[in-house]
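Peer 1: The structure under discussion is supplied below as structure tokens; questions concerning it will follow.
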Amino acid sequence: MATRLRKSRRQRGTRYCGWGQIGQHRQSGSRGGVGQAGKHKHFWIRTVIEEPDHFGHSQSNSHHKNYVKKWINLRDLDSLYNKYKDNTKHQNFFDLTSLGYDKLLGSGKIKSKLTIKIGRISKKALEKIQAVGGNVIYNEYSSE
């Protein structure tokens, strides 16, 4: 058939080109949805064959991970202690958990001998504080 006689040539210039007034060939109803739609319903056999591990989770990944939201380094500890020194009741005792810190990291040096309360601490920070003569009260030891 000649190109000039095809239906598509006759419909050029019309508003909808044969796809109707409402949908205009834009939705995906005839395909069963767009993207990941229907994997639990009408595309289930495709999911089982092509992606058997699509749903569910790995047992090695915990749902309750302990994320460190706020941390501090040893280099910032002396200046922070001098700032909040008046609020502490005991001499050389510093509660970092009351300030909202979750973990103490070992970058930098510490000069003063402090007793520090923190939830988690790194190995390097623990060694540096004990080398100066300080003490640490912590809940969890972290080797990171």
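Laboratory data are not the source of any read-out in this text; all were calculated from the coordinates shown. From a predicted model like this one, the values you see are computed outputs, not experimental measurements. Cβ sites come from the backbone with ideal geometry, for glycine too, and all protein chains shown count toward neighbours.
Peer 1: Once you have the Cα-Cα distance between Ser79 and Lys41, take 0.36 nm times their residue separation minus that, and quote the gain in nm to one decimal. Can you show the working numbers first?
Peer 2: Details: separation 38, 0.36 × 38 = 13.68 nm, distance 5.98 nm.
Between Ser79 and Lys41, full extension yields 7.7 nm more.
Peer 1: Right, next: Please list, ordered by chain and number, the residues whose modelled amide H lies under 5 Å from the amide H of Phe93; skip anything fewer than 5 residues away on the same chain.
Peer 2: Placed amide hydrogens put Thr115 under 5 Å from Phe93.
Peer 1: Arrange Ile22, Ile110 by Cβ neighbour counts within 10 Å, fewest through most, would you?
Peer 2: Ile22, Ile110
Peer 1: Could you please rank Arg9, Arg120, placing first whichever residue has the fewest other Cβ atoms within 10 Å of its Cβ?
Peer 2: On the way: Arg9 11, Arg120 19.
With the sparsest Cβ surroundings first, the list reads Arg9, Arg120.
Peer 1: Expressed as a fraction of 2.2 N^0.38 Å, the rule-of-thumb size for a compact globular protein of N residues, what is the C-alpha radius of gyration of the chain?
Peer 2: Working: Rg = 32.5 Å, N = 144, 2.2 N^0.38 = 14.5 Å.
Relative to the rule-of-thumb radius for its length, the chain sits at 2.23.
Peer 1: Which of Ser107, Trp44, Thr97 sits closest to the plus end of the dipole of the chain, meaning its Cα is farthest towards the positive end, when Lys and Arg get +1 and Asp and Glu get -1 on the C-beta?
Peer 2: My answer, from the dipole projection, is Trp44.
Peer 1: Would you mind pulling out the separation of the Cα centroids of the range 52-76 and the range 1-31, in Å?
Peer 2: 52
Peer 1: Let me have the relative contact order for the chain, percent, based on Cα pairs under 8 Å that are six or more residues apart.
Peer 2: Relative contact order of the chain: 15 percent.
Peer 1: With r as the distance between the Cβ atoms of Ser28 and Arg6 and R0 = 25 Å, compute the FRET efficiency 1/(1 + (r/R0)^6) and round to 0.05. Intermediate results must be reported in sequence, preceding the final value.
Peer 2: On the way: r = 26 Å, r/R0 = 1.04.
After rounding to 0.05, the efficiency reads 0.45.
Peer 1: Long-range amide H contacts for Gly134: which residues qualify at under 5 Å (H placed 1.01 Å from N, peptide plane, sequence gap of 5 or more or a different chain)?
Peer 2: Close amide H contacts, sequence-distant or interchain: Leu114.
Peer 1: How far apart, in nm, are two points set 7 Å out from the Cα along the Cα-to-Cβ line at Gln130 and at Gln59?
Peer 2: Using points 7 Å along Cα→Cβ, the separation is 3.6 nm.
Peer 1: Now for a separate question. Which angle between 0 and 90 degrees, to the nearest 10, do you get for helix 123-132 versus the longest principal axis of the chain when only C-alpha atoms count?
Peer 2: Its long axis makes an angle of about 20 degrees.
Peer 1: For the pairs Lys39/Lys69; Lys83/Lys109; Lys41/Lys65; Lys65/Lys113; Lys65/Lys111, flag any whose C-alpha to C-alpha distance is greater than 27 Å.
Peer 2: Checking Cα-Cα distances, Lys39/Lys69; Lys41/Lys65; Lys65/Lys113; Lys65/Lys111 exceed 27 Å.
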